[in-house]
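For reference, the structure discussed in these notes is given below.
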Amino acid sequence: MRLIALILLSIVGGFVALTILLDLFPDRRVTMAAGDEGSAYHAIALRYRDILAEDGITLDLLDTAGSVENVTRLVNGDADVALVQGGIPAPEDAPIAALATVFLEPLLVFHRTGMNDANDPTRWSGQRVAAGGEGSGTRYAVDTIMETLEVSSDNTLVPLGGAAAAEALKAGEIDVAVFVAPVGAAYLAPLYLAPDIELASIRDVEAIRRRLPFVLAADLPPASLNYAAVKPATRIDLAAMVAQLAARDDLHPALVDRFVKAARRIHGERDLLADEGQFPSTEANTLRMNKQARTILAAAPSRLDRFIPWWMAAQITKMALLLVPLVLVMLPLLRVLPGLYGWTMRSRVYKHYSDLIEIEKEARAAESPARIAALSARLDGVQESVTDMRLPEAYRDRAYTMQMHIDLIRSRLRDGGAA
């Protein structure tokens, strides 16, 4: 019972110490790298800000050039959270991880009506192609695809992205505009409606997908963008990347919980490229996955924060995550404990048998009264130890059995040892 009590006290003490070590109260101010103002990422970051404000959390938005800079800001500690396009590299030892994949970002190619081969990067030479600003996810994707396909840009790529690229295409200042963005990005809406602008897919999507592991296949069915105008006129196969909600490893567990729950509200709806509930997800991440976020996403939404403060509910969830592996270890141990306890009790008796066997052997050869007296004294010592031994009632029979063996050897000594 002392052994069991010691184990239980160790477990309780460990959890008490863990609770003390955990920072129970998270910082109520968080910084999110949000892309450029007016971008799709910025619009989504505003939705996160509004949802987190319901819990009294202030989300400061940090304007950036896009996904490439977002990763840099996370690594440097300038931001706590960011949206990051799939495939954007991070240093191998970077203290950042994905909280979830949150939506698909297809590579969309817009061009003026009547332009031939606008979707073929090998034919862009001599064209004015807006391919995203430096530091943006669009520019990274275009550069990576062209490098993979061994296509020279021939200085045709214009560093424009987002709303600026859309306006430039409408004004005729560029010939082609490439975007890696959600289909519902606000700045794309005028391009869908413009009668002299068409949407295309980059040529041979499957060839690109096979070469670049972060590229996924998606498609837009006919008339899905504008049913009345039948836009697009035909199904468009798309190369798509996943957008990831990423965070620093030191983001407080309670804030991880809040961001994942906000992601469920923002990204769980159906859109043109995803079914309802498809996002947020743990699939297709190109960053390593945050373990706590993975467990939260795998479970049904918790209702604890309906009854207790959200930061406390998040800590209970965190403790539960730690408890599960502990329970998995403890259950087999608890099954072994009764046998271990019985072996411990029996061994307290059995350890004296080595002395008893030795005395018995010597008693057979003992002839002198002095030797017999010495063996009797040793036997008295063994008997005293067994008599004073405190054993549970269920194990006393071992001690009684040993007393019988002691009496048998004592009788032999009285009879003269070797006689």
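The numbers here are math on the coordinates, done by the rules we state, and not lab data. It should be emphasised that the depicted structure is a prediction, and the values quoted were computed from it without experimental measurement. Because the Cβ atoms are built from the backbone with ideal geometry, glycine has one as well, and the counts that use them run over all protein chains shown.
Details
- 14 Å Cα-Cα reach of K261 towards aspartates and glutamates, excluding residues that sit fewer than 8 places from it in its own chain: D50, E54, D55, E269, D305
- Hydrophobic, long helices, defined as DSSP H runs whose alpha-carbon span along the helix axis is 15 Å or greater and whose mean Kyte-Doolittle value is at least 1.6, occur in the chain at 2-21.
- Among P91, P232, P26, the largest mean-square fluctuation in a Gaussian network model of the chain, built with springs joining Cα atoms closer than 10 Å, belongs to P91.
- Nearest-20 debye value, the stretch 24-301 charge dipole, Cβ charges on Lys, Arg, Asp, Glu: 560
- Matching label, log10 I(q)/I(0) by the Debye sum over Cα atoms at q = 0.07, 0.08, 0.13 Å⁻¹ computed from the structure shown, candidates (i) -0.51, -0.58, -1.08; (ii) -0.32, -0.42, -1.14; (iii) -0.48, -0.63, -1.31: (i)
- Between D63, D407, D93, the GNM of the chain built on Cα springs shorter than 10 angstrom shows D407 fluctuating the most.
- Per DSSP, loop chymotrypsin sites (Phe, Trp or Tyr not before Pro) in the stretch 209-266 with at most 11 further Cβ within 10 Å: Y227
- Among A399, A274, A163, the largest mean-square fluctuation in a Gaussian network model of the chain, built with springs joining Cα atoms closer than 10 Å, belongs to A399.
- Note that the stretch 351-414 shows a convex hull volume over its alpha carbon atoms of 65 Å³ per residue.
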